[in-house]
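Enquirer: Before we start, here is the structure in question, set down as structure tokens.
The values are calculated or read from the model by the stated rules, or taken from the named source; none is laboratory data. Not measured: the values here are computed from a predicted model. As a convention, Cβ positions derive from the backbone with ideal geometry for all residues, glycine included, and neighbour counts pool all protein chains shown. Areas reflect the complete protein model, heavy atoms only, side chains present, ligands, DNA and RNA absent. Shrake-Rupley method; radii C 1.70, N 1.55, O 1.52, S 1.80 Å.
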Amino acid sequence: AEKLGLDFQTLHRLNPRLVFCHTRGFEDGPRSLLPGNDQTGNSLGGSCFEDGGCWDGGRPWFGSASNGDLGNGYLAAIAIVQALYDREQTGKGQRVDASILNASLVNNSRVVTTPDGTCFERPKLDRDQTGLSALYRIYRCADEWVCIAVFSDAHWQALVRAVPRLRDDARFATPELRARNDAALARLLAEELASDRAEKWFQTLDAVGVPCEISSPTFSRELFEDADLYRRGWLAHFTGDPFIGDVDMFGVGLDFGDTKPAPPRPIPTMWQHTREVMAELGYAADEIERLAAAGAIVTPESAGRS
């Protein structure tokens with residue numbers, strides 16, 4: 001940006017109200033000029049260590065949902081909105097900065113230590129990445145996987161009704177004993193849940209009030225058959241994409257009480273919206289066509305000749 005003369009200081013002189021966002025891989029410092037991506041930022045920030053259950057003998061693991069790139073975008077969006085709000089109060093723009101490393105540090109802010117490096121007790125992912133405890137994890141059934149989330153005494157009593165073996169086992173009589181014997185409880189539940197299909201266990205657990213869900217291998221394929229999600233705007237359907245034709249995609253994942261935002265459109269092809277952008281800038285249709293004919297702007301029709 002500095003080489004092109006598009007850095008904040010240069011642009012700020014032209015427009016003091018400008019809000020300028022710079023996102024990066026690492027912090028603004030010794031690593032500024034290093035190539036940065038999701039995996040390197042998450043490795044440095046500790047996400048790969050935490051997500052791999054390394055405390056329990058696991059290995060560093062980089063998942064597709066480690067929220068490095070995505071978290072960077074979230075932080076940048078928040079910073080931009082706050083800077084715009086500040087501009088409404090002061091009339092001045094400013095530079096805001098976010099990074100993948102920042103996002104990783106936020107994601108791992110639960111990992112708190114004393115000055116000598118001693119970690120406080122906290123829920124930690126196990127080495128097999130099945131969950132945080134025997135009562136909050138996924139279990140392999142005879143065919144698929146089921147997740148349970150037993151947090152209250154009512155949930156525990158419901159689980160005992162679904163798995164009678166738990167009732168008379170003194171190791172699990174109180175929350176404290178269950179925490180102390182967590183590994184044994186996990187082994188018992190793993191044996192029980194492996195005895196039948198996931199759908200059968202879901203019906204059994206759900207019927208008595210155990211929070212549970214099947215880890216469905218087909219959900220992503222079934223998702224776009226849900227008419228209600230289209231009605232809500234959580235999914236969107238478009239026709240006429242230049243390359244694909246019909247496009248089904250995620251829509252708006254937030255519900256607003258009074259404002260109904262339009263769902264995002266499919267990713268545009270190069271020059272697809274030249275005319276629309278020029279029209280928004282105030283150019284009349286004949287001016288746009290004259291600029292296109294002169295080669296000053298590129299349209300989908302002229303792209304092959306440019």
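Enquirer: Mind giving me the FRET efficiency for F62 and L291? R0 is 35 Å, r the Cβ-Cβ distance, nearest 0.05 is fine.
Expert: The calculated FRET efficiency here is 0.15.
Enquirer: Can you tell me which of 18-27, 98-107, 200-209 comes out highest on packing, and rank the rest after it, using the mean Cβ neighbours within 10 Å?
Expert: Ranked by mean Cβ neighbours within 10 Å, highest first: 98-107, 18-27, 200-209.
Enquirer: Using only the heavy atoms of the protein chains and a 1.4 Å probe, how would I297, I244, I148 rank by accessible area, largest first?
Expert: I244, I297, I148
Enquirer: Please list 276-283, 76-83 highest first by mean number of surrounding beta-carbon atoms within 10 Å per residue.
Expert: 76-83, 276-283
Enquirer: Name all residues of region 12-29 having a backbone nitrogen under 12 Å from the label point set 7 Å from the Cα of M249 along its Cα→Cβ direction, giving them as ranges.
Expert: Hits in region 12-29 for M249 at 12 Å: none.
Enquirer: Compute, for region 189-251, the length of the dipole vector about the Cα centre, with Cβ point charges of +1 (Lys, Arg) and -1 (Asp, Glu) only. Units Debye, rounded to 20.
Expert: Here the size comes out at about 120 debye.
Enquirer: Suppose each label sits 7 Å from its Cα in the direction of the beta carbon; what would the E191-T259 distance come out to in nanometres?
Expert: The two pseudo-label positions are separated by 5.7 nm.
Enquirer: Which lysines does K3 reach when only Cα atoms under 28 Å apart count, and residues fewer than 8 places away in its own chain are ignored?
Expert: K92
Enquirer: Starting from the Cα gyration tensor of region 95-221, take the square roots of the eigenvalues, sort them a ≥ b ≥ c, and report rounded, prolate or oblate (rounded when a/c is under 1.5, otherwise prolate if a/b is larger than b/c, else oblate).
Expert: Oblate, because a/c is 1.5 or more while a/b does not exceed b/c.
Enquirer: Find out how many positive minus negative residues lie around S47, taking Lys and Arg as positive, Asp and Glu as negative, among other residues whose Cβ is under 14 Å from that of S47. All intermediate terms of the calculation are to be shown ahead of the outcome.
Expert: Values: positive: R59, R110, K124; negative: D38, E50, D51, D69.
Once positives and negatives cancel, what remains is -1.
Enquirer: Where does each of 113-120, 212-219 land if you order them by average Cβ count within 10 Å, highest first? Write out the running numbers ahead of the final one.
Expert: Numbers: 113-120: 7.5, 212-219: 14.1.
Packing order, densest peptide first, comes out as 212-219, 113-120.
Enquirer: Size of the dipole of the chain about the Cα centre, Lys and Arg at +1 and Asp and Glu at -1 on the beta carbon, nothing else charged, in debye to 20?
Expert: Dipole about the Cα centre, nearest 20: 640 debye.
Enquirer: Under a Cβ-Cβ cut-off of 9 Å, what is the net charge of the residues other than R197 that fall near it, where Lys and Arg count +1 and Asp and Glu count -1?
Expert: Within the 9 Å Cβ shell, the charges total -3.
Enquirer: A further question on this structure: Extending each Cα 7 Å along its Cβ direction at L11 and D116, get the distance between those two points in nm, one decimal.
Expert: Modelled inter-label distance: 5.0 nm.
Enquirer: Roughly what would the spin-label model give for E301 and D97, points 7 Å off Cα along C-beta, in nm?
Expert: Each label point lies 7 Å from its Cα, and together they span 4.8 nm.
Enquirer: Right, here's the next one. Which one is right for this structure if semi-axes √(5λ) of the Cα gyration tensor in Å is calculated from it: (1) 49, 29, 18; (2) 104, 45, 14; (3) 28, 26, 19?
Expert: Matching the structure shown: (1).
Enquirer: When a/c reaches 1.5 or more, the comparison of a/b and b/c decides; with that in mind, is region 1-149 rounded, prolate or oblate per its Cα gyration tensor?
Expert: prolate
Enquirer: Which net charge results when you count Lys and Arg as +1 and Asp and Glu as -1 among the other residues whose beta-carbon is under 13 Å from that of G25?
Expert: Combined, the nearby Lys, Arg, Asp and Glu give -3.
Enquirer: Nearest-5 percent of antiparallel DSSP beta bridges in the chain? Walk me through the intermediate numbers first.
Expert: Numbers: 17 of 22 bridges.
Antiparallel bridges make up about 75 percent of those DSSP assigns within the chain.
Enquirer: In debye, nearest 20, what is the charge dipole magnitude of region 176-306 about its Cα centre with +1 on Lys and Arg Cβ and -1 on Asp and Glu Cβ, if you could check?
Expert: Computed about the Cα centre, the dipole is about 260 debye.
Enquirer: Taking K124 as the anchor, which lysines have their alpha carbon closer than 22 Å to its alpha carbon, excluding any fewer than eight residues away along the same chain?
Expert: Result set, ordered by chain and number: empty.
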